[in-house]
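First up is the structure itself, then whatever we jot down about it.
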Amino acid sequence: TSLVGKKVFFVDSDSAISPYDLLDQSCGVLVYSSTMGVEAMMLNKLVISSGTSFYKEFGLHPKSKSEYNFLLKNLVEGTLNVNVDLNSLKHYLYYLYFLRVVDLSGFGTVRLTGMDYVDEELNADSLIKMNEKALSDFYNEMIYED
């Protein structure tokens, strides 16, 4: 029998339904790759991620359709038990957001709306020139990392 509509609900990313309201009532979350997955983990919810999420090593990341179906079935039945090391997850998120993120000039995000922007008065060459040091540092870190 299908679990969709009985115990599994799909919510579109632009839905008016608050995922946080649903999260409170959920035993787990199925994501492709979204921040909702990491937010759910921080609230001790099980997460099954089928995409290449940046946090996949902390949740469940099935490698096949049959493994995905097996995990989903066990999640719904309440027989899936995974303990996320929240302390390690917090350290990883701190590293990722506060130490690893590089701000580039001419680009940004309006925090209140979550919308990204590019300074439209600049062309590609000027954006590259403005960010030459950040791009060079990033390149060198990737190439010469121990």
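Within the set of pairs 6+ apart or on separate chains, which have a first residue in segment 119-146 that is within 17 Å of Gly106 (Cβ to Cβ), a second that is modelled with pLDDT under 90 and open to solvent by 100 Å² or more (accessible area, probe 1.4 Å), and C-beta atoms under 8 Å apart?
As it stands, the answer is Ala134/Asp103, since those pairs meet every condition given.
Look at Asn44 and say whether it is open to solvent by 90 Å² or more (accessible area, probe 1.4 Å), out of contact with any helix residue (DSSP H, G or I) (no Cβ under 7 Å at 6 or more places or on another chain), at pLDDT below 90 and at positive phi.
Criteria met by Asn44.
Which pairs turn up if I take residues in segment 64-85 that are more than 12 Å from Gly28 (Cα to Cα) and look for partners that are polar (S, T, N, Q) and assigned to a loop (DSSP other than H, G, I, E, B) with beta carbon separation below 7 Å, at least 6 apart in sequence or on another chain?
Within 7 Å, the pairs are Tyr68/Ser50.
Residues that are of a type outside the set (Val, Ile, Thr), at negative phi, surrounded by 15 or more Cβ atoms within 10 Å (Cβ to Cβ) and touching a Leu at 6+ places or on another chain (Cβ under 9 Å): does segment 11-23 have at least one?
Within segment 11-23 (the criterion being of a type outside the set (Val, Ile, Thr), at negative phi, surrounded by 15 or more Cβ atoms within 10 Å (Cβ to Cβ) and touching a Leu at 6+ places or on another chain (Cβ under 9 Å)), the answer is yes, since at least one residue qualifies.
Residue by residue through segment 90-104, note down the ones that are open to solvent by less than 100 Å² (accessible area, probe 1.4 Å) and within 19 Å of Glu132 (Cβ to Cβ).
Residues satisfying the conditions are Val101, Val102, Leu104.
If Asp119 meets every condition in (1) open to solvent by 100 Å² or more (accessible area, probe 1.4 Å); (2) among the charged types (D, E, K, R); (3) farther than 22 Å from Ser33 by Cβ apart from one, which number is that one?
It is condition (1) that Asp119 fails.
Surrounded by 10 or more Cβ atoms within 10 Å (Cβ to Cβ) and at pLDDT 85 or above: is that true of Val8 in this structure?
Details: surrounded by 10 or more Cβ atoms within 10 Å (Cβ to Cβ): yes; at pLDDT 85 or above: no.
Spelling it out, it is not the case that Val8 is surrounded by 10 or more Cβ atoms within 10 Å (Cβ to Cβ) and at pLDDT 85 or above.
Within the group Leu112, Leu104, Leu46, which residue is free of Cβ contacts under 8 Å to residues at least 40 places away in the same chain, among the aliphatic types (A, V, I, L, M) and farther than 25 Å from Ser13 by Cα? So that I can check it myself, show each step before the final result.
Working: Leu112 fails: farther than 25 Å from Ser13 by Cα; Leu46 fails: farther than 25 Å from Ser13 by Cα.
The conditions single out Leu104.
The values are calculated or read from the model by the stated rules, or taken from the named source; none is laboratory data. Everything quoted here is computed from the prediction, not taken from an experiment. In this analysis, Cβ positions are derived from the backbone assuming ideal geometry, glycine residues included, and neighbour counts consider all displayed protein chains. Protein only, heavy atoms only, side chains kept; ligands, DNA and RNA dropped before computing areas. Shrake-Rupley method; radii C 1.70, N 1.55, O 1.52, S 1.80 Å.
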